[in-house]
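The values are calculated or read from the model by the stated rules, or taken from the named source; none is laboratory data. Keep in mind the model is a prediction, meaning the values are calculated, not measured. A quick note on method: Cβ atoms are made from the backbone with ideal geometry, for glycine too, and the neighbour counts reach across all protein chains shown.
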Amino acid sequence: MLVRRLSGYALRGELQVCPARRFCPKLIWRWTCTDRSGTPVPAYYVTTPVFYVNSLPHIGHVYSAVVADCSHRYKILQGVNSRFATGTDEHGLKIQQAAATTGKDPLTFCTEVSNRFRHVFRRCGISYTDYVRTTEDRHRQAVEQFWTVLVNNGFIYRGSYEGWYSVPDESFLTETQVVDSTDSLGRAIKTSTESGHKVEWMKEDNYLFRLSDLRHKLQHWLRSNPHVIQPEKFYYIVLQWLESDLPDLSVSRQKSRLQWGIGVPGDPEQTVYVWLDALVNYLTVAGYPEQHSRWWSVVHHVVGKDILKFHAIYWPAFLLAAELPLPQAIHVHSHWTVQGKKMSKSLGNVVDPLETSLKFTVDGLRYFLLRQGVPDTDCDYDDDKVVKLCNSELADALGGLLNRCTAPSLNPEQVYPQFCNTSFPKEPEEFNGRAVLEDYKMVEAVLRLPALAKENFEKLHAYKALEAISGCVRMTNGFIQRHAPWKLNCRKTEDKLWYDTVLHVSMECLRIYGILLQPAVPSLADKILSRLGVGPGERSWDHALDFLSRYEGRDCPYERRALGPNTGLLFSRLERKNVQEKHQKPGKRQDGI
Ligand code: MSP
């Protein structure tokens, strides 16, 4: 046994026979992670798709990344050992063509755009642990190994493909998946029914994958795992696809057509199909082919609905053929549109995440995307909606609440005040307290909030978690408003005790909101918690389970503690007019990519 010590964790590795031993007759390391006491620490691995580098990042891409980031941050708060991979998809015909139009060599072109994605993600607080590029050597090795396993397992054969191909989707289509259409010059063309992209006829000798053989196994997998594709609507779509014809899949292209890709092992005339290449990125990050089992058994994919077929049919089929475990879950999300239309360069309606994050702040953009983005239906992006939502929920409700608890005029001692059980007794009828029925309802709601938020963060439904938090923030503002502490006469002992209690309860609520908001709006949450004087070691999910401990009859570690420094407004109100004047409207990019 080999033990590696990391901060707070120990990784124990044991040599075991590879599960795919028929084809891989070697020993592999199987790792388990434990904490200092030797207790196993659960692991989680979340991925975004790797992003095409033929266009620059837009808010749709950032949405995929923010959804995965929120889940990763949430898992860390839960004490889980989480890994989060993102990166860029750099091979294929469309990248080859895009590089050619800029006159740059493909790798230089890919590196430039990949760096743009990395920059945007860093700016937007995407806390990935791994950034993978499909042009990396480690990835080429993983693809070559994966291909070899598929060949050795008898799933790849030489054949010829004749049919439709969509370069923008890098996808093969059957006759039923295309329709007659016309291009902008009125010429007759065929387009994909699903994406609307133009398709072309292709006839090539290449390698085919025995997808048709795996139909029943895929159906069995889905029927035995009814929650594996989320939301349910997409699960049924995939089941329906599997009811229809599932022809074998072409998994290579002739090198004469496609040079920009990974060569088929042992055949200098063929290049690996870009989707097979790209999908293996998830394994590359997990350490395939050497040490992937620890992460591979806990993988969760976040994908947009446009790439469902690749992730819910092709990918599981490849994994079945390679005798590797299938994903734990595929979380599908819908698309962001602008005035009901798909974002596209030609329409000039692409929303630039950098510009948007400068206008509305990173927290503003993240909050908007996570609060408004629902997985089932497309959502429309509009600057006005961002302004309205952020002003009402972040600036007014949350910022106002923090201000009411911490402003020197209301909290001259700048402390977390004391709670008085006589003013706010646990049993309303027990004492002659000052809390009213509505206050008890609020306390109940905040007590239940972590469980509700947990349930929704687990499903990657941040919008529901944020909705619940926002509802509680409203209740807490109502609580302060109802008791108007500023009207109390603090020279009277009884009033002073009640005054402090109102502030204490409100601050306890804010502490819970700050903890629960960390996955979605990390800087804003940090501002709340720092102002309340809540230290870095007091911000885990478990700390949110210890709400209002004095009310429950336990000690409260925050009571009488000095507040943290006043760093100004939590979130400055956004002015739609100023936003328009200061910044140009999102539109065509200056650099033409
Ligand atoms: N390269 C492939 C994925 C390969 S993964 C093995 C690809 N790239 S992409 O850049 O086109 O899309 C990446 C992600 O961004 C997908 O999840 C896609 O759904 C998402 N989005 C692209 N446009 C979008 C919107 N307008 N709205 C929301 N997400 C969208 O596909």
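Details
- For Asp205, the conditions (1) touching a residue at least 60 places away in the same chain (Cβ under 8 Å); (2) loosely packed, with under 14 Cβ neighbours inside 10 Å all hold with the exception of (1).
- Only residues that are surrounded by 14 or more Cβ atoms within 10 Å (Cβ to Cβ) and part of a loop (DSSP other than H, G, I, E, B) were counted in region 208-248, giving 7.
- Hits in region 165-195 - residues which are in contact with a Ser or Thr (Cβ under 8 Å, 6 or more places away or on another chain), hydrophobic (A, V, I, L, M, F, W, C) and touching a residue at least 40 places away in the same chain (Cβ under 8 Å): Phe172
- The condition (being surrounded by 19 or more Cβ atoms within 10 Å (Cβ to Cβ), in contact (Cβ under 8 Å) with a residue 12 or more places away in the chain, within 25 Å of Pro289 (Cα to Cα) and β-branched (Val, Ile, Thr)) is satisfied by just one residue among Thr148, Thr129, Thr135: Thr135.
- Residue pairs whose Cβ atoms lie under 6 Å apart, separated by 6 or more positions or on different chains, with the first residue in region 275-291 and near the ligand (Cβ under 9 Å from one of its atoms) and the second assigned to a helix (DSSP H, G or I), are Trp275/Phe310; Asp277/Val143; Leu279/Trp315; Val280/Ala142; Val280/Val143; Val280/Phe146.
- Failed item, numbered, when Ala321 is tested on (1) in contact (Cβ under 8 Å) with a residue 60 or more places away in the chain; (2) in contact with a strand residue (DSSP E or B) (Cβ under 6 Å, 6 or more places away or on another chain): (2)
- Residues within region 326-364 that are more than 14 Å from the ligand (Cβ to nearest atom) and either part of a helix (DSSP H, G or I) or farther than 30 Å from Lys217 by Cα (or both), tallied: 12
- If the condition is being of a type outside the set (Ser, Thr, Tyr), within 10 Å of the ligand (Cβ to nearest atom) and in a loop (DSSP other than H, G, I, E, B), then region 43-85 contributes Val53, Asn54, Pro57, His58.
- Checking each residue in region 550-565 for being surrounded by 11 or more Cβ atoms within 10 Å (Cβ to Cβ) and either hydrophobic (A, V, I, L, M, F, W, C) or not in a loop (DSSP other than H, G, I, E, B) (or both) picks out Cys556, Leu563.
- Applying the criterion of being of a type in the set (A, V, I, L, M) and in a helix (DSSP H, G or I) to the residues of region 365-378, the residue that is nearest to the ligand (Cβ to nearest atom) is Leu369.
Let's see how each residue does on (1) more than 16 Å from the ligand (Cβ to nearest atom); (2) aliphatic (A, V, I, L, M); (3) farther than 27 Å from Trp296 by Cα:
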position	(1), (2), (3)
Arg118	no, no, no
Arg122	yes, no, no
Tyr131	no, no, no
Arg140	no, no, no
Ser166	no, no, yes
Ser171	no, no, no
Ser184	yes, no, yes
Ser192	no, no, yes
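- Restricting the first member to region 483-501 and to residues that are more than 10 Å from Cys420 (Cβ to Cβ), and the second to residues that are assigned to a loop (DSSP other than H, G, I, E, B), the beta-carbon pairs closer than 9 Å and six or more apart or on different chains are His483/Arg434; His483/Ala435; His483/Val436; Pro485/Leu410; Trp486/Ser409; Trp486/Leu410; Asp495/Leu488; Asp495/Asn489.
- Within region 515-525, the presence of at least one residue that is touching a helix residue (DSSP H, G or I) at 6+ places or on another chain (Cβ under 9 Å), part of a helix (DSSP H, G or I), surrounded by fewer than 21 Cβ atoms within 10 Å (Cβ to Cβ) and of a type outside the set (A, V, I, L, M, F, W, C) is confirmed.
- Residue within region 379-394 that is crowded, with 23+ Cβ neighbours inside 10 Å, at pLDDT 95 or above and part of a loop (DSSP other than H, G, I, E, B) present: no
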